[in-house]
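Here is the structure we will look at, set down as structure tokens.
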Amino acid sequence: MVVNFKVFKKLSPNSKITLYMGKREFIDSISVVEPIDGIVILDPEYIKQNRKVFAQLICNFRYGREEDEVMGISFQKELTLVSQQVYPPLKCEVKKTRMQEKLLDKMGENAFPFVMEMPSNSPASVVLAQKAADDTPPCGVQYFVKVFSGETEIDRSHRRSTVTLAIRKVQYAPTKQGIQPCTIVRKDFLLSPGELELEVTLDKQLYYHGDKIAVNICVRNNSNKVVKKVKAMVQQGVDVVLFQNGQFRNTIAAYETSEGCPIQPGSALQKIMYLVPNMAANANRSGIAVEGDVKKKELGLASTTLLASQESRDAFGIIVSYAVKVKLFLGALGGELCAELPFILMHPKPQRKSIEEDEKPSKIVDV
């Protein structure tokens, strides 16, 4: 079988260093993350001068707006997660991927491979959406592969001899569904007999982006109050771990109805409400957690963040969760009754074609 695969290419401003990478998205399987591999092509002048060249994995975490940075205060942390000397090559053997072997055969003796292991507990690539007219750097977590020439790995790199390529750490949906979400909440009233019962069930726990969420609602009114209307919402929870009070919620889909209402004392109502959370309905809203290509504005709702344990929460990260919330309105004196069910919203894992089967030249994409 013959398979074509893309290779991403980026040059330094002085055209002395060229970076090639086979992919820009690396899958986090909770316990392990795909290794970050690539090829660096050096100009013969750099090789003659025996210049040192380093490759680094950079995590950039911005937790405040750039326009609010005054008097030297910065709302940004730049962490070097991995650093590796690419040239002169170190004695340790680099276990090359099939893509690297093919590029090394094609590019010749001025090509040098690198492989970096991303820490498994590092945060996912998530940023907070901004309004369309806002061109400042967004708050959130972004990753970059940086290749530069310098005396040491902590040397301040010069822009002309530096290549920086944005990459993403992503998670995909589990292969199996979890337990079907279901909850029952009840409310009694002071000086009034009986109680109001609300049962909410989702058709499944795991949804893919774009799926329709079926919310099965059952109301049993054994009180003397009247239910006037029902509202169902999908809420996105955002937890900026760095801050103690950095948790907030956004309603990204909602449906309110009075159909079947009022629900009189002693009666019941059973109905299904459908919700579809998507980016199109929240296109120009700020503060929503999104993922995708920020520069090209190719954004979608961020996926649920899966953690191996609560102890693995990285301080420089954003944790995203989703929940369906159903609310019954009883009027000014009766108040409200709410039920909430968490669920998982993610992309299915793509089927990547094996590069080992490739015999044709790769398609090179300039970045």
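Structure notes:
- Residues PHE26, PHE243, PHE61, ranked from the fewest to the most other C-beta atoms within 10 Å, line up as PHE243, PHE26, PHE61.
- Near the amide H of VAL82, within less than 5 Å, lie the amide hydrogens of LEU57, all on another chain or at least 5 residues away, with H placed in the peptide plane.
- Degrees separating the helix 98-107 axis from the principal Cα axis of the chain, which is the longest one: 40
- Distance (nanometres) between label positions extended 7 Å along Cα→Cβ at CYS218 and LYS271: 1.8
- When each of ILE364, ILE36 is scored by the number of other beta-carbon atoms lying within 10 Å, the sequence from fewest to most is ILE364, ILE36.
- Most fluctuating residue given options LEU190, LEU206, LEU90, as computed from a GNM of the chain linking Cα atoms under 10 Å: LEU190
- Counting beta carbons within 10 Å around each of SER258, SER286, SER223 and listing the fewest first gives the order SER258, SER286, SER223.
- Rounded to the nearest whole Hz, the Karplus-based 3J(HN,Hα) values (6.51 cos²θ - 1.76 cosθ + 1.60, θ = phi - 60°) of region 134-141 follow the sequence 8, 9, 6, x, x, 6, x, 10, with x at glycine and proline.
- Less than 5 angstrom separates the built amide H of LYS16 from none of the residues sequence-distant by 5 or more or on a different chain.
- From the coordinates of this entry, Rg and Dmax of the Cα atoms in Å is computed, and it appears in [x] 22.6, 83; [y] 26.0, 90; [z] 19.9, 61 under the label [y].
- For the chain, a Gaussian network of Cα nodes joined below 10 Å ranks ASN60, ASN121, ASN221 by mean-square fluctuation, and the top entry is ASN221.
- For ILE167, distant residues with modelled amide H under 5 Å away: TYR143, PHE144, VAL145
- Among the chymotrypsin sites (Phe, Trp or Tyr not before Pro) in region 246-333, none is located in a DSSP loop while being surrounded by at most 13 other Cβ atoms within 10 Å of its own Cβ.
- Taking 0.36 nm per residue of separation and subtracting the Cα-Cα distance, full extension of the segment from LEU307 to LEU191 would add 37.2 nm.
- Distance violations [Cα-Cα > 22 Å] among LYS23/LYS169; LYS176/LYS271; LYS6/LYS91; LYS23/LYS146; LYS169/LYS297; LYS9/LYS77: LYS176/LYS271; LYS6/LYS91; LYS9/LYS77
- Computed over the chain, the per-residue total of -39500 (n - 2.57) for DSSP H runs of n ≥ 4 gives a 222 nm mean residue ellipticity of -1000 deg cm²/dmol, rounded to 500.
Every number in this text was worked out from the coordinates using simple rules, so none of it is lab data. As the structure is a computational prediction, the values presented were derived from the model and not from experiment. Reconstructed Cβ throughout: ideal geometry from the backbone, glycine too, with neighbour counts over all protein chains shown.
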